[in-house]
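Let me begin by presenting the structure, written as C-alpha cells, before commenting on it.
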Amino acid sequence: MNVLLLSMPDSFEHMPAIVIRMPNGALTSLAGNVDPHHRVAVADLILVQNRVRQTVTELMQKFDPQVLGLSVMTFQRRTAGRIIELARSLKPNLKVAVGGYDPSLAPAAYAEMGVDYIVRGEGEITFRDLLRALENGGSVEQIPGLSYRSGKQWVHNSDRPVHGIENGEVRLPNRGARVLKGYTLLGRQVDVIETSRGCTYDCSFCSIIEMRGRNFHTYTFDRVLADIRDARDHGARTLFLVDDNITLNVRRFEALCRAIIDAGLNHLDYFVQAMTSAIATHGETLAPLMRQAGFRYVFLGIENILEGDLAFLRAAAKNTDRANGHNNGNATVKAIDYLHQNKMLVVGGLIVGNPDDTRESIEANLEFARQYVDWPYIQHPTPYPRTPMTKDFVDKGLIINQRLEEYDGTTAVVRTEHLSAEDAEYMRWKAERWMKVRHLPSVLRHDFWYVLSHAPQMLAHTFRGSSVRSVLGLEDSRKTFERYKTIRKQEREYV
Ligand code: B12
Ligand code: SF4
C-alpha cells in the first residue's frame, strides 16, 4: 500500500522555523515498523511552513496514498483538521489515521474530523496491524490501541500494553522514507533519536502518565548506537534525544555516554532533556562524561523556583538535591553549576503564570532565568487534555481561552488568581526577548558563518512587532506586544 505520513507545520515561539526545523521521530519509527513491502513517505511539514497547502497537494498527487497518517499535538489540532479536509477533497476514498498525544488523549475531538482510525498510545505495532488488516480486508476489531468508525459509531478497542522495547519489538526508524529536506538546528542538520521511553514521575502539567502510565523502558545500547550511526549517515550533525526522562537511571545514562565515546560518535552534538535532581546529585561523575560524549545543550525541567509553585506543578521531587542520601533542598543551582563547569549550556524550562502567581513571583522566576540560564524556555501552564493540571484549572475557573491553536505553551491561556493571562504573558515576552539576545555570542562562536548570516532574521523574529518608535523608546512596549500578538495570530494560519 502507499502510505503518506505527515507531521504538522505548527511551531511555537521557542522553536522559530527559520533556524530550528526538527524531524518528528514518531513517523520514521512507524515507517520502520510497517511490513517492508509498503511504500511509505514521511513529510515533516515544518520544512514547508509557508507552502503547506501546495506541498500536501503535490505529495498526494505524487504518492497517491491509500492511507494518510497524521501526528498531532493539541495546538496543531485545527491545522490537522484543515489538512484532512484538503486531502479528502483530493481523494475522497482515502483512509485517514491520526496518532500522537492529542488523538490519544482526546479521541472524541477527532470523531467529526473526517478521520477513520485513531491510534492511541504507542503506534508501531498498532499501525502495522492496521495496514495488514486494510490490505487483506481483515477485521480491525482485535487490534489493541485502535479506535475506528463503524457506521455512525466509534468503537474503542482495548488499550495496547506499552511496548517492551528492550527485546527488539520496535525496529529502527526508517529515515530513508523522508521526502522533504531542510532539517536544521542553527545551520547543522539535526535529527532525533530515542534511547528510552516513559517516566515514573507525575508532574501535573505533563501528558506522559495518561498517555502510557508510569513506567520506564530502555533500548539496548547496540540499538541506540545503530540509530545514531543511521542518523549520522543520513547527514545529521546534531542529535536531539527525545527520551521522556533519560535521567531516571543515571548509571545507565553514564554508561551510554561511555558507549558513545567508545564508539567514536562523540564528534556529534547532542541535546537532551534532564531533571535537575539527577544532575545535582550525580553531576560530579555524570557531567564530565556528558561533556566528553558531546552533549552541548541540556534542557533542564526547572519548572519554577518557588516552593509553592513547585507543589502545584507536582515537580518538587524531581527538583530536589539528594546527595549522600539527604534532602539538600532545591537542586537547580547546583545542577546548573555542574553543567556550566563542564562547558555545557543550559536551556532553562520554567513555567510561570500558575494559579497563585503574582507579579512578584513571576518576576522572581524571570530574574532567576536572567541570572542562571543560557537559553530561556519559559512557558505558561497549558491545560492539555487529561492532565491533572487541566482539572485544577477547570476547578478554579481560571481558563480564559478555549482556542486550542493557541495552546502552544508561550501563549497564556489561563489567568492567575491575581493577574490576567495577558499580563502574565506580557511579562514573560518582554523579559525573554532580551535573554535570547544575550545568547547570541555563544551560538556565534559555535556556528560563526551561519549565525552571522542569519542574525538579522533571528533578531527580526525575536523582536517582531517592534517599530522604529519602539526601538527609540518612544512607544509603550504594550503596543509592540499587541502587534506581536497580531503577527503571531497570522502565523498560525498554516493552511
Ligand atoms: C521530544 C519532545 C519535544 C521536542 C520535539 C522534537 C521533535 N521534533 O520531535 C521539542 C523539545 C522541540 C518539543 C517541543 C514542543 N513540545 Co514536545 N515533547 C517531546 C517529548 C518529550 C517526546 C516526544 C517524542 O518524540 N517521543 C518519541 C516518539 C517516538 O513518541 P511519540 O511522539 O509519542 O509517538 C508515538 C505515539 O504517540 C504514536 N504516534 C505519534 N504520531 C503518530 C501518527 C500516526 C499516524 C500514528 C499511527 C501513531 C502516531 O506512535 C509513536 C510511536 O510509538 C514529549 C513527551 C514528554 N514526556 O514530554 C513532549 C510533548 C509531545 N510536547 C508537547 C508540547 C506541548 C510541545 C510544545 C508545544 C511546547 C512545549 N510545551 O514544550 C513544543 C512544540 C514544538 C513545535 N512544533 O514547535 C506536549 C504535547 C501535549 C499535547 N497534548 O499536545 C508533550 C506531550 C509534553 C507535555 N507537555 O506533556 N517537544
Ligand atoms: S519528569 Fe518530565 S517526563 Fe516525567 S512526568 Fe515530569 S515533565 Fe513529564
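How big is the stretch 151-261 in terms of Cα radius of gyration and Dmax, in angstroms?
Just the Cα atoms of the stretch 151-261 yield Rg and Dmax of 16.6, 56 Å.
For the chain, what is Rg from Cα atoms divided by 2.2 N^0.38 Å, rounded to two decimals?
Computed over Cα atoms of the chain, the ratio equals 0.96.
Out of all DSSP beta bridges with both ends in the chain, state the antiparallel percent to the nearest 5.
That works out to approximately 25 percent antiparallel.
Below 12 angstrom from the Cβ of Glu432, what's the summed charge of the other residues (Lys, Arg +1; Asp, Glu -1)?
+4
What net charge do the residues around Phe75 carry, taking every other residue with its C-beta under 10 Å from that of Phe75, with Lys and Arg at +1 and Asp and Glu at -1?
-1
Using only the C-alpha atoms of the stretch 358-429, find the volume of their convex hull and express it per residue in Å³.
Spread over its residues, the Cα hull of the stretch 358-429 gives 94 Å³ apiece.
For a protection proxy built on the mean count of beta-carbon atoms within 10 angstrom, sort 469-475, 94-100, 252-258, 143-149 highest first, please.
94-100, 143-149, 252-258, 469-475
Sort out for me the Cα centre separation of the stretch 204-279 from the stretch 406-484, rounded to whole Å.
Taking the Cα centre of each part, the stretch 204-279 and the stretch 406-484 sit 31 Å apart.
Answer rounded, prolate or oblate for the stretch 207-295, using the Cα gyration tensor with square roots of eigenvalues a ≥ b ≥ c: rounded when a/c is under 1.5, else prolate when a/b is larger than b/c, else oblate.
Oblate shape, in that a/c is at least 1.5 and b/c is the bigger or equal ratio.
Express in nm, to one decimal, how much length is gained between Gln54 and Trp449 on full extension, taking 0.36 nm for each residue of separation and deducting their alpha carbon distance.
In short, 139.0 nm is gained.
Excluding residues fewer than 8 places away in the same chain, name every one of the lysines whose C-alpha is closer than 17 Å to that of Lys334.
Here the lysines satisfying the reach criterion relative to Lys334 are Lys318, Lys343.
Counting Lys +1, Arg +1, Asp -1, Glu -1, what net charge surrounds Val443 among other residues with beta carbon under 14 Å of its beta carbon?
Around Val443, the charge tally is +2.
Please give the calculated 222 nm ellipticity per residue for the chain, where each DSSP H segment of at least 4 residues contributes -39500 (n - 2.57) and the sum is spread over every residue; nearest 500 deg cm²/dmol?
Using -39500 (n - 2.57) per qualifying helix, the result is -12500 deg cm²/dmol.
Using the beta-carbon distance between Ala323 and Ile399 and R0 = 51 Å, what value does 1/(1 + (r/R0)^6) give for FRET efficiency, to the nearest 0.05?
So the FRET efficiency works out to roughly 0.80.
Provide the FRET efficiency to the nearest 0.05 for the Gln341-Gln142 pair, computing r from the beta carbons and using R0 = 56 Å.
Once the sixth-power term is evaluated, E becomes 0.55.
Taking the stretch 49-187 on its own, what percent of its Cα-Cα pair distances exceed 18 Å?
61
Given the stretch 306-347 reduced to its alpha-carbon atoms as identical point scatterers, what log10 I(q)/I(0) does the Debye formula return at q = 0.26 Å⁻¹?
-0.92
Amide H neighbours of Ile302 under 5 Å, at least 5 residues apart or on other chains, H built in the peptide plane: list them.
Amide H neighbours of Ile302: Gly349.
At what distance in angstrom do the alpha carbon centres of the stretch 153-201 and the stretch 73-124 lie from each other?
18
For the chain, which cysteines have no disulfide-compatible partner, meaning no other cysteine Cβ under 4.7 Å?
Cys199, Cys257 - these cysteines have no disulfide-compatible partner (Cβ-Cβ under 4.7 Å) in the chain.
Work out, step by step, the length gained on full extension between Arg438 and Arg171: first 0.36 nm times the residue separation, then minus their alpha carbon distance; give nm to one decimal.
Computed gain between Arg438 and Arg171 is 91.9 nm.
How much accessible area does Leu440 have with a 1.4 Å probe, in Å² rounded to the nearest 10?
Accessible surface of Leu440 is approximately 40 Å².
Keeping every protein chain present and rolling a 1.4 Å probe, give me the accessible area per residue for the chain in Å².
Per residue, the chain has 41 Å² of solvent-accessible surface.
The values are calculated or read from the model by the stated rules, or taken from the named source; none is laboratory data. Remember, it's a predicted structure, so these values are computed and weren't measured experimentally. When we count neighbours, we look across all protein chains shown, and the Cβ atoms used for this are built from the backbone with ideal geometry, even at glycine. With ligands, DNA and RNA removed, areas are computed over all heavy atoms of the protein, side chains included. Shrake-Rupley method; radii C 1.70, N 1.55, O 1.52, S 1.80 Å.
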